[in-house]
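*Asks:* Got a structure for you, questions after.
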Amino acid sequence: MKQVKILFLIAFSLLGLVLASCVPGGTQPAQGWSGITLNDGILYMGSMDGKIMAVNPSARSQNLSFPADGEWEYPITAPSGGGLSCSQTSASVAIYGTPAVDEALVFSGGYNGKVYALNASARSQNLDFPQMRDNEWFYPKTSEVIGAIVGSPVMSEDAIYVTSSNGKVYCLDKHFGDKKWESDILAKKLWSTPYIEGGKVYISTFDGHLYALSAEDGSITWSFAIAYPKIGFVSSPAVYEGTIFAGSFDGNLYAVEIGESEPLWNFTGGNCFWAAPVVSNSTVYAGCLNGNIYAIDATNGTELWSFDVGSPIVVSPLLVDDSLVVAAESGNVYVINPKTGIGERIRNPGNDNKPTINALVQASPCAQEGIVYIRGQDNCLYALDIEQGRVIWKFPLTTQ
Amino acid sequence: MAELWNLIILNPMLNGLIALSSVLGGSFGLAIIALTVIVRLILLPLTLKQLKSTKALQGMQPKIQELQKKYGKNQQKLQQEMMKLYKEAGVNPLGCIWPMLVQFPVWIALYQSIMRALATTPESLLNLFQHLYSWGVVAQAIPLDSHFLWLNLGSPDSTLILAIIVGGSMWVQQKMVTAPSADPRQKSMNSMMLLMMPFMFGLFTLMFPSGLSLFWAVSNVIGIGIQYWITGWGYLRRGTSAQVVTKLGGKGGITKRP
């Protein structure tokens, strides 16, 4: 009887442990939410299965087999295993940042703590990586890694800037991947995307600082912290006419004039402003996790209008011609008049009751000529025609 | 169902844990320790009930063994006699299990709270915001500092220290309540059980984030404290085993600590 009870308890404990570890939302695995960059008619993005991909929208609209002209894919892998496992294998790497593209070179940061420069021509030919003569490289050049990279890489004329989970900003030579400088440790970890303007690199940190670094040597030229209460910044910064805008963990959007020590204004939303705001014509467009997109006067923080999209907004809105395109996490996509705040949902072609796309949206979209490209968390790429108000094609990024 | 679970159990515990971290100077490790102590204190009445039931059952072991010897070949009769014995002694044989079952959801919620609060991946951090209250004290603590002593609470402990503490404290706790037996089969079974659980949890410590292992270690230490308070060192003290068994047989329980 006693043995049975003990066995029962052991089995029950193990079952509980297994169930507890299977409950969604515990520690969610890193899957990535790489956004899309459009360059010279080709879309570049990271896929959910750890590939950097080049997709030709023209080929996709004709439903040609992949890879068509200008298309390629390259899997980013890293050694895995060790610990309790007996063998070491390689696993795909999560990619969060939106790739930066300069002519033939595509720059991307991996959650494995490496920065990659891929040459489109070499990748199209499926040559071994890296092809030095094609200016391909990875950083660090040894088997070492910097901290996990979550923010997007940002380019200047001759350099690439990336933030790392080790709390530093790295400036790398664009053509050879040599380190030009690394900053001091600015926070326990940096997940934000830097903003480059006027020879300065602007950074927001989880521990509540805004920094301006010299793009030349990484030295801190200005810093700002909210005096009280001590709150961290969750969103990446946006800079507009000498003012930096960033969302904080306590549900405020702060505007701080660069060089000042007090905020210009702060705007309280119903939850966090997770994504970086977009600023245009003295208006700040900021998506909130409470499901509202707010238009705020950039000069004084007054709310101009708000629009409820019904679910959290985790990606920055997109200004396309005279429209503001807002993707809700639920998969619904809205086209809003940026002046009036009046808008409507792009309908799902299959079922009007379903979201615009049948997947979560956590990756930054991009647009060209009235077409918005969105990568869903179902690892599919969607093309939405704003004028027609419908999805015109869908392409699964998981290829054979 | 999941929403109800989040609303009633998980969210209050998660926000409490984060608020504690803020109050305790931003130390998530101290917050885990504090919340484990608070939860164990809240569950103390159930724990005491469970221990008392276990103690009573252990006290009946000699009589049960006698019955097993007498009716070993007739299982039906054996069950009848055992139930009769439990009834006469006023003991519910499942009395030590129900309090544990009631505690189980709380442990799962505590486990989930720790894992969610750590938010080690970007996805986890984004998900965390769905569960947070709009309390200033909570917002100030996010994101949590995952470093505590030598540990990164979001990753398994790469040293063996925490695994040894978790496994060792679990062994001590079990040893305190595992009655020695004269029956070789029972003895072998006890020895196996005594090693198996600490070994398994030691192994889990090497696989799960150390924030969770810290919770196991603290919980075990508190368990040892409560056990000591009720029964003293119990069967842990060598050389007194036989004495304890004798007393158990006579009085139906473990001797109170001197």
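Residue-by-condition table, conditions (1) within 14 Å of another protein chain (Cβ to nearest Cβ); (2) of a type in the set (Gly, Ala, Ser); (3) under 19 Å from the mean Cα position of the chain (by Cα):
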| residue | (1), (2), (3) |
| --- | --- |
| A:Ser156 | no, yes, yes |
| A:Val162 | no, no, yes |
| A:Lys168 | no, no, yes |
| A:His175 | no, no, no |
| A:Lys188 | yes, no, no |
| A:Trp191 | yes, no, yes |
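Conditions (1) within 23 Å of A:Tyr382 (Cα to Cα); (2) more than 14 Å from chain B (Cβ to nearest Cβ); (3) at pLDDT 95 or above; (4) part of a helix (DSSP H, G or I), marked per residue:
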residue	(1), (2), (3), (4)
A:Leu9	no, no, no, yes
A:Ala20	no, no, no, yes
A:Gly25	no, no, no, no
A:Ala59	yes, yes, yes, yes
A:Ala91	no, yes, no, no
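*Asks:* Report the residue count in the stretch B:136-146 for those that are within 26 Å of the chain's Cα centre (by Cα) and within 8 Å of chain A (Cβ to nearest Cβ).
*Replies:* Of the residues in the stretch B:136-146, 0 are within 26 Å of the chain's Cα centre (by Cα) and within 8 Å of chain A (Cβ to nearest Cβ).
*Asks:* Sticking with this one: Give me the pairs: first residue in the stretch A:63-74 and under 14 Å from A:Pro396 (Cβ atoms), second residue of a type in the set (Gly, Ala, Ser), beta-carbon distance under 6 Å, and six or more apart or on different chains, which are they?
*Replies:* Listed by first residue and then by second, the contacts come to A:Glu71/A:Ala54.
*Asks:* Something else: What's the total number of residues in the stretch A:211-232 that are modelled with pLDDT of 95 or more and under 20 Å from B:Leu125 (Cα atoms)?
*Replies:* Within the stretch A:211-232, residues that are modelled with pLDDT of 95 or more and under 20 Å from B:Leu125 (Cα atoms) number 0.
*Asks:* Kindly evaluate B:Met197 against the criterion of being in a helix (DSSP H, G or I), modelled with pLDDT under 85, closer than 21 Å to B:Asp157 by Cβ and under 14 Å from the mean Cα position of the chain (by Cα). Working first, answer last.
*Replies:* Numbers: in a helix (DSSP H, G or I): yes; modelled with pLDDT under 85: yes; closer than 21 Å to B:Asp157 by Cβ: yes; under 14 Å from the mean Cα position of the chain (by Cα): yes.
Yes.
*Asks:* Any idea which of A:Ser311, A:Ser316 is touching a residue at least 40 places away in the same chain (Cβ under 8 Å) and either within 17 Å of A:Ile386 (Cα to Cα) or not in a strand (DSSP E or B) (or both)? Don't jump to the end; show me each part of the working.
*Replies:* On the way: A:Ser311 fails: touching a residue at least 40 places away in the same chain (Cβ under 8 Å).
Step by step, each of A:Ser311, A:Ser316 is checked, and only A:Ser316 is touching a residue at least 40 places away in the same chain (Cβ under 8 Å) and either within 17 Å of A:Ile386 (Cα to Cα) or not in a strand (DSSP E or B) (or both).
*Asks:* May I ask you to list the residues in the stretch A:336-362 that are surrounded by 21 or more Cβ atoms within 10 Å (Cβ to Cβ) and at pLDDT below 95?
*Replies:* A:Ile346, A:Pro355, A:Thr356, A:Ile357
*Asks:* Let me ask you something else. So which of B:Leu85, B:Leu78 ends up being in a helix (DSSP H, G or I), under 21 Å from B:Lys49 (Cβ atoms) and more than 27 Å from the chain's Cα centre (by Cα)? Let's see the steps before the verdict.
*Replies:* Working: B:Leu78 fails: under 21 Å from B:Lys49 (Cβ atoms).
Selected residue: B:Leu85, the only one of B:Leu85, B:Leu78 that is in a helix (DSSP H, G or I), under 21 Å from B:Lys49 (Cβ atoms) and more than 27 Å from the chain's Cα centre (by Cα).
*Asks:* Does A:Glu329 fit the bill of being among the acidic types (Asp, Glu) and closer than 28 Å to A:Tyr96 by Cβ?
*Replies:* yes
*Asks:* Can you tell me which condition A:Asn266 does not meet? The list is (1) part of a loop (DSSP other than H, G, I, E, B); (2) surrounded by fewer than 20 Cβ atoms within 10 Å (Cβ to Cβ); (3) within 14 Å of chain B (Cβ to nearest Cβ), and all the others hold.
*Replies:* (1)
*Asks:* Okay, next question. Looking at the stretch B:24-47, which of its residues are farther than 20 Å from B:Val102 by Cβ, touching a residue at least 40 places away in the same chain (Cβ under 8 Å) and loosely packed, with under 14 Cβ neighbours inside 10 Å?
*Replies:* Correct list: empty.
*Asks:* Mind listing just one residue for me: the one in the stretch B:114-130 that is in contact (Cβ under 8 Å) with a residue 40 or more places away in the chain and either facing chain A (nearest Cβ under 8 Å) or out of contact with any helix residue (DSSP H, G or I) (no Cβ under 7 Å at 6 or more places or on another chain) (or both) and, of those, farthest from A:Tyr228 (Cα to Cα)?
*Replies:* Selected residue: B:Met115.
*Asks:* May I ask you to list the residues in the stretch B:162-177 that are under 22 Å from B:Met60 (Cβ atoms) and surrounded by fewer than 20 Cβ atoms within 10 Å (Cβ to Cβ)?
*Replies:* Hits for the stretch B:162-177 are B:Lys175, B:Val177.
*Asks:* Of the conditions (1) in contact with a helix residue (DSSP H, G or I) (Cβ under 6 Å, 6 or more places away or on another chain); (2) in contact (Cβ under 8 Å) with a residue 40 or more places away in the chain; (3) more than 19 Å from B:Trp107 (Cα to Cα), B:Gly223 clears all except one; give me its number.
*Replies:* Answer for B:Gly223: the failing condition is (3).
*Asks:* Let me ask another. Would you confirm, using the coordinates I've provided, whether A:Gly232 is at positive phi and within 11 Å of chain B (Cβ to nearest Cβ)?
*Replies:* Numbers: at positive phi: no; within 11 Å of chain B (Cβ to nearest Cβ): yes.
When the stated conditions are applied, A:Gly232 does not pass them.
*Asks:* Still on this structure: Quick one: in the stretch A:192-230, which of the residues that are of a type in the set (A, V, I, L, M) and in a strand (DSSP E or B) is surrounded by the fewest Cβ atoms within 10 Å (Cβ to Cβ)?
*Replies:* A:Ile220
*Asks:* Out of all the residues in the stretch A:277-293, which are in a strand (DSSP E or B) and either within 17 Å of A:Val320 (Cα to Cα) or under 18 Å from the mean Cα position of the chain (by Cα) (or both)?
*Replies:* A:Val278, A:Val279, A:Ser280, A:Thr283, A:Val284, A:Tyr285, A:Ala286, A:Gly287, A:Ile293
*Asks:* Search the stretch B:170-192 for residues being more than 21 Å from B:Ile226 (Cα to Cα), of a type outside the set (Lys, Arg) and part of a helix (DSSP H, G or I), and hand back the single one that is nearest to the other protein chains (Cβ to nearest Cβ).
*Replies:* Taking the candidates together, the pick is B:Met189.
*Asks:* List the pairs whose first member sits in the stretch B:91-111 and is away from chain A (no Cβ under 11 Å) and under 26 Å from B:Asn15 (Cβ atoms), whose second member is part of a helix (DSSP H, G or I) and modelled with pLDDT of 75 or more, and whose Cβ atoms are under 9 Å apart, counting only residues at least 6 apart or on separate chains?
*Replies:* If the second residue must be part of a helix (DSSP H, G or I) and modelled with pLDDT of 75 or more, the pairs left are B:Val102/B:Leu46; B:Val106/B:Ile9; B:Val106/B:Met13; B:Val106/B:Val39; B:Val106/B:Ile42.
*Asks:* Could you check the stretch B:1-65 for helices (runs of 4 or more DSSP H) lying wholly inside it with 3 or more residues that are of a type in the set (Gly, Ala, Ser)?
*Replies:* Output list reads B:11-23, B:28-42, B:44-59.
*Asks:* Pairs, please: C-beta under 7 Å, at least 6 apart or cross-chain, first residue touching a residue at least 12 places away in the same chain (Cβ under 8 Å) and in the stretch B:150-161, second loosely packed, with under 15 Cβ neighbours inside 10 Å?
*Replies:* Final answer for the pair search is B:Pro156/B:Met207.
*Asks:* Among the residues of the stretch B:220-253, which ones are modelled with pLDDT of 85 or more and surrounded by 22 or more Cβ atoms within 10 Å (Cβ to Cβ)?
*Replies:* Answer for the stretch B:220-253, where residues must be modelled with pLDDT of 85 or more and surrounded by 22 or more Cβ atoms within 10 Å (Cβ to Cβ): just B:Asn220.
The values are calculated or read from the model by the stated rules, or taken from the named source; none is laboratory data. All figures in this text were calculated on a predicted structure; none of them were measured in a lab. FYI the Cβ positions are ideal-geometry reconstructions off the backbone, even for glycines, and counts take in every protein chain you see.
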